[in-house]
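Readers should treat all values here as calculations from the given coordinates under stated rules, not as data from a laboratory. Please read these numbers as outputs of a predicted model, since none were measured by experiment. Please note: Cβ atoms are built from the backbone with ideal geometry, for glycine as well, and neighbour counts cover all protein chains shown.
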Amino acid sequence: MSTLLSALRRRVLAPPMSSVGFAARGFPVSSSDVTDHLESVPQAVVCGFEWGIESPSLWEVERRLGMVEPEHRGFAYEGATMAFTILDVLPGGRRDRTAELLLGPGNPHIFLAYIGIGFAMARLPRPLWKKVLPDLPGETYHPTMSWLAVDGYGFDRAYFDTRKWVAEQYVPKPYAWQDAPEYFPRAVDQGIGRALWFIHGASAAAVAAAVSRFPEHRRPDLWSGVGLAATFAGGSGRAGMSRLRDAADSHRDELALGAVFAVKARTHASFVPAHTRGAVEVLAGLTVAEARRLADDTTVLPDVSGPDPAYEIWRQRIRDHLGSTGVASAA
């Protein structure tokens, strides 16, 4: 019976591998080595989800995910976290799978795992969202970085419902994530920005044109999402990153901010691919070590008070440093 239920959940909740490809999604790109590289990201997520929804134990999920190459392992953990989140909040069964994963083998990939929670949110009714965030005692970045779940929700909606969320620029209703409903649409926009990097196949000109079609007040968050995706996922060499930096124009600091967060996530997982090193050097004018140190030195504790969530205060500190030193503008 459990195997049957797992199969049904997989069929209903997870997109088939073929449907995450750019051609199937109708994205305005042509097949190339770049699109093949970028398409491997959602494919890894689907694999992680299928293993998470079907495997009877954390031990087995960990072993399967361990076979994924380091560059894509974090994406597979996104999918597994999505599966565990769904299993935790649906009626029947345990309620601690996600916490067990994130406090255990998924901890090095916790930043991407939060995004996986957002993918689950995209498939769950809003009344169940209050159950998706696990308690993670002792975890340094919890719940500050849990805003990446909202980012993941925005990415998912832009990727799978592109007309509504990108072409029609849909704005979601606020939701009191971490008691900051007014910040919810901003975090969603950060995820939409990440999706634009994939939707437009890492083309700097096309991404910039897509961002420019959004209202001005939404562009900073969109550009930071672009910077995160470009640096973490890659898809463009140094020349392409230079074009992206130039296209960002007055939003170079936001683009660089995304690059710094991407480096933080990559270094936390102890694997930094060559494209990440090149991207942060071009977009932020920083080495990987410098970008990681900047992220660490500006970290904000979750108990900080003020109108903005700790996550945004952290982002603002990084942005302020980049602006004051001029490294992004001079990169």
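Some observations on this one:
- Ordering M82, M241, M67, M17 from the fewest to the most neighbouring beta carbons within 10 Å gives M67, M17, M241, M82.
- Note on T287, T98, T267: ascending count of other Cβ atoms within 10 Å places them as T287, T267, T98, the fewest first.
- Couplings 3J(HN,Hα) of the stretch 168-182, computed from phi: 8, 6, 4, 10, x, 5, x, 9, 7, 5, 6, 6, 9, x, 5 Hz, in residue order, whole Hz [Karplus 6.51 cos²θ - 1.76 cosθ + 1.60, θ = phi - 60°; x for Gly and Pro].
- Rounded to the nearest 20 debye, the dipole size of the chain about its Cα centre is 620 debye, using +1 on the Cβ of Lys and Arg and -1 on the Cβ of Asp and Glu.
- Taking E281, E254, E69, E60 and counting other C-beta atoms within 10 Å, the order from fewest to most: E69, E60, E281, E254
- Whole-Hz ³J(HN,Hα) from phi, Karplus 6.51 cos²θ - 1.76 cosθ + 1.60, for the stretch 308-323, glycine and proline x: 9, x, 4, 4, 6, 4, 4, 4, 5, 4, 5, 4, 5, 5, 4, x
- Highest-first packing order for the peptide set 167-173, 106-112 is 106-112, 167-173, based on the mean count of other beta carbon atoms within 10 Å.
- Most mobile of G52, G154, G285 in a GNM of the chain (Cα contacts under 10 Å): G285
- With a cut-off of 10 Å between beta carbons, the residues surrounding D96 carry a summed charge of 0, where Lys and Arg count +1 and Asp and Glu -1.
- Total charge dipole magnitude, the stretch 102-254, about the Cα centre, Cβ charges on Lys, Arg, Asp, Glu only, Debye to nearest 20: 400 debye
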